[in-house]
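The values are calculated or read from the model by the stated rules, or taken from the named source; none is laboratory data. On a predicted model such as this, the values are computed, not experimentally measured, just so you know. Glycine gets a Cβ as well: all are built from the backbone with ideal geometry, and neighbour counts include every protein chain shown.
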């Protein structure tokens, strides 16, 4: 937890940094690990490859929060994690990574099932250079709405274009929950993301 927090002079990470760690994720295991490492420019392929199995609560909460120099995310970064969502599992993971320009397709596609509270809370909030959301970003998530599940996920990603986020089966998030109302967990998900190709089709609660 917070192991390298605010280590602004770190520019690269060894690809084998966590090679000794194997098995299932545990609660908050990478919480804030590299947060505010502003000099970090890239994440090695397979950095978390030893971690596999079902998500754990807050496992990647704020892991790269504030890494403003980060320009890309490996597509296989979380490929070992599969199963039903856990509370806060990707809360603020890449929040305020202002140098990011795109999100890899299928980044979270192995996580499917019923929603959990705060599962993608502010995951990419403030990533002001993002221009695209990877195709089929999420797994096939459906079920009862949970508080904070997509709250502010892409808030202030004002350069986004192309389609909004979709599941593995190609459904838009708002197609799965078309009648959701304010205060039920998706408020401000796409706030200021007015360049999205389907912005006009997105219900207001997802945008305000």
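Taking the conditions exactly as written (touching a residue at least 24 places away in the same chain (Cβ under 8 Å) and under 18 Å from residue 58 (Cβ atoms)), does residue 109 satisfy them or not? The answer is no for residue 109. Of all residues in the stretch 14-27, exactly one satisfies the criterion of being without any contact (Cβ under 8 Å) to a residue 40 or more places away in the chain and buried (at least 17 other Cβ atoms within 10 Å of the Cβ), namely 18. Checking each residue in the stretch 172-202 for being surrounded by 15 or more Cβ atoms within 10 Å (Cβ to Cβ) and either farther than 19 Å from residue 119 by Cβ or in contact with a strand residue (DSSP E or B) (Cβ under 9 Å, 6 or more places away or on another chain) (or both) picks out 172, 173, 176, 192, 193, 196, 199, 202.
Does the stretch 136-149 contain at least one residue that is closer than 13 Å to residue 206 by Cα and either surrounded by fewer than 19 Cβ atoms within 10 Å (Cβ to Cβ) or at pLDDT below 95 (or both)? Within the stretch 136-149, none of the residues are closer than 13 Å to residue 206 by Cα and either surrounded by fewer than 19 Cβ atoms within 10 Å (Cβ to Cβ) or at pLDDT below 95 (or both).
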